[in-house]
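K.L.:
The structure follows.
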C-alpha cells in the first residue's frame, strides 16, 4: 500500500471538487452578503452531524471577524433552542443533501419567527433549497472517501464557502487588525495585535551626561542591563551609547578611558514612540540594513523609556 500516494490522491480529489464549487459561485453570494450587512439582527448557523461541526467553525470565524454570529444545532432547535432566533436574524442552514430531517423540521418555525433563511447546500432543488430566500451552492460530485460515503469533499467545500463569506464581509466592513484584536485579547495572538511599546518598555532608565567618562558609562550600562545608555540633558535625549559603540571605541585602546560619553554617542539614532504597536517597533528594528537590538522611546524629544528586541519578541513572537 502506497500511503503517500493515497494521501496525495485525496488532496487532488478534494482540490478538484473545490474548483468545481468555485465555478458555481453566483450572484447569490452577493445577495447573502448584502442581507447580512443590512441586517439588524445576527447570523444563526444551523446544521446536524458533520455539517453541524463545520457550521460551528463558520459561526466562530464570522463572530471573530465582526459579524454577530452563533451556532444552533438543528436537533437542539427542535427542543427549545429555536429561542435563539429572532425575526431580524438570518439563518444559514447547512445540509449537503438539502433533505436532512432535523434541518427541515425547524424551517416552519424559522419562517413563523420571520427570520431570513439561507441554504448552504449541494442540492439547490432540494426541499431546503426551495424553501430558502437564497442559496449558496456547495455541491460536489464525489467525496474524498474511497467509498464515496464519508463526508470529505462536501465538508471541505462547506468550510471554504463559509470562509469565502467571512472574507467578503471582512472586506465590506473594512475590518482591521485592531478590530480583530478586540475579539482575541488572550494568548499570543492578543498580545501580538494589542500590545504597544508603552506596555513593554523599561522606564528605569540608564542615563548619563555628555561629559560622563567611560567608567561611568560602562557602570551605568552594566547596572541597568538594557544594553544601552541614554545621554540626556534637561530631559532631552541627545544621543545613545550601545554595547556596539563601546566595542568600537575599545579599538582606541590608548585613549579609551579618556573619552567622554559625547565622544562616542550616536546622535542619529532610531527611536520609537509610546503609542506605536509593539509589532511595528519590531519591524522598525529588523527591517533595515543593519539590525538594532534596542530603541529609546521618546515623547517629543524627552526620553521616557527603552525597549529591547527581546522584550518585543516575548510579546509578539515571530
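K.L.:
Sort 310, 79 by Cβ crowding within 10 Å, fewest neighbours at the top.
P.N.:
Ranking 310, 79 by Cβ neighbours within 10 Å, fewest first, gives 79, 310.
K.L.:
Return 156, 167 ranked ascending by Cβ neighbour count within 10 Å, so the fewest neighbours appear first. Walk me through the numbers on the way to the answer.
P.N.:
Working: 156 21, 167 12.
Fewest-to-most ranking of 156, 167: 167, 156.
K.L.:
Now a separate question. Can you figure out the FRET efficiency of residue 300 with residue 68, using R₀ = 45 Å and their beta-carbon distance, to the nearest 0.05?
P.N.:
Step by step, r from the Cβ atoms, then E = 0.60.
K.L.:
Starting from the Cα of residue 290, step 7 Å toward the Cβ, then list every residue of segment 218-246 with an amide N under 13 Å from that point.
P.N.:
242-246
K.L.:
Right, another one. I need the peptides 195-207, 86-98, 66-78 ranked by packing, meaning the mean over residues of other C-beta atoms within 10 angstrom, with the highest value on top.
P.N.:
86-98, 66-78, 195-207
K.L.:
Using a Förster distance of 30 angstrom, determine the FRET efficiency expected from the C-beta separation of residue 207 and residue 179, and round it to 0.05. Walk me through the intermediate numbers first.
P.N.:
Details: r = 39 Å, r/R0 = 1.30.
Efficiency, from the Cβ-Cβ distance: 0.15.
K.L.:
While we're on this one: If eta is 1.306 mPa s and T is 10 °C, what Stokes-Einstein diffusion coefficient results for segment 3-175, Kirkwood Rh from Cα pairs, in µm²/s?
P.N.:
98
K.L.:
Over the alpha-carbon set of segment 197-316, work out the extent along each principal axis and list the three values in angstrom, largest first.
P.N.:
Extents along the principal axes, in whole Å: 43, 31, 24.
K.L.:
Which order do peptides 36-43, 235-242 fall in by mean Cβ count within 10 Å, highest first?
P.N.:
Descending packing order for the listed peptides: 235-242, 36-43.
K.L.:
So if I take the centroid of the Cα atoms in segment 297-318 and the same for segment 92-137, what is the distance between those two points in Å?
P.N.:
Using only Cα atoms, the two centres lie 53 Å from each other.
K.L.:
So what's the gap between the Cα centers of segment 253-276 and segment 1-71, to the nearest angstrom?
P.N.:
Taking the Cα centre of each part, segment 253-276 and segment 1-71 sit 56 Å apart.
K.L.:
Please identify, among 99, 211, 125, the residue showing maximal mean-square fluctuation in a Gaussian network model of the chain using a 10 angstrom Cα cutoff.
P.N.:
Looking only at 99, 211, 125, the largest GNM fluctuation is found for 211.
K.L.:
Do the sum for the chain: with -39,500 (n - 2.57) for every DSSP H run of n ≥ 4, divided by all residues, what is the mean residue ellipticity at 222 nm, to the nearest 500 deg cm²/dmol?
P.N.:
-13500 deg cm²/dmol
K.L.:
Testing the spin-label approximation: label points 7 Å from Cα along Cα→Cβ at residue 236 and residue 222. State their distance in nm.
P.N.:
In this crude label model, residue 236 to residue 222 measures out at 3.3 nm.
K.L.:
Could I ask something else about it? Quick one: compute a quarter of the convex hull surface over the Cα atoms of segment 75-206 and quote it in nm².
P.N.:
Values: hull surface 52.4 nm².
Seen from a random direction, the Cα hull of segment 75-206 projects 13.1 nm² on average.
K.L.:
Report the semi-axes of the equivalent ellipsoid for segment 1-73 in whole Å, largest first, where each axis is √(5λ) for an eigenvalue λ of the Cα gyration tensor.
P.N.:
31, 17, 10
K.L.:
Under a no-solvent Debye model with one identical scatterer per Cα of the chain, what's log10 I(q)/I(0) at q = 0.09, 0.11, 0.14 Å⁻¹?
P.N.:
Rounded to two decimals, the profile gives -0.65, -0.76, -0.98.
K.L.:
For the residue pair residue 164 and residue 150, what label-to-label distance in nm results when each label sits 7 Å from Cα along the Cα-to-beta-carbon direction?
P.N.:
Label at residue 164, label at residue 150, 2.6 nm between them.
K.L.:
Indicate, rounded to the nearest 5 percent, the antiparallel portion of the DSSP beta bridges found entirely in the chain.
P.N.:
Percentage antiparallel, nearest 5: 45.
K.L.:
Continuing with the same structure: So if each residue of separation counts as 0.36 nm, and I subtract the Cα-Cα distance between residue 19 and residue 172, what length gain in nm does that give?
P.N.:
Using 0.36 nm per residue and subtracting the Cα-Cα distance, I get 52.7 nm.
K.L.:
Along the Cα→Cβ direction, 7 angstrom out, place labels at residue 257 and residue 8. What is the inter-label distance in nm?
P.N.:
Label at residue 257, label at residue 8, 6.9 nm between them.
K.L.:
Given the Cα-Cα distance of residue 133 and residue 35 and 0.36 nm per residue of separation, how much length would full extension add, in nm?
P.N.:
Length gained between residue 133 and residue 35: 34.3 nm.
Read-outs: derived from the displayed coordinates by stated rules, not from any lab. Please read these numbers as outputs of a predicted model, since none were measured by experiment. Glycine also receives a Cβ, built like all others from the backbone with ideal geometry; neighbour counts cover every protein chain displayed.
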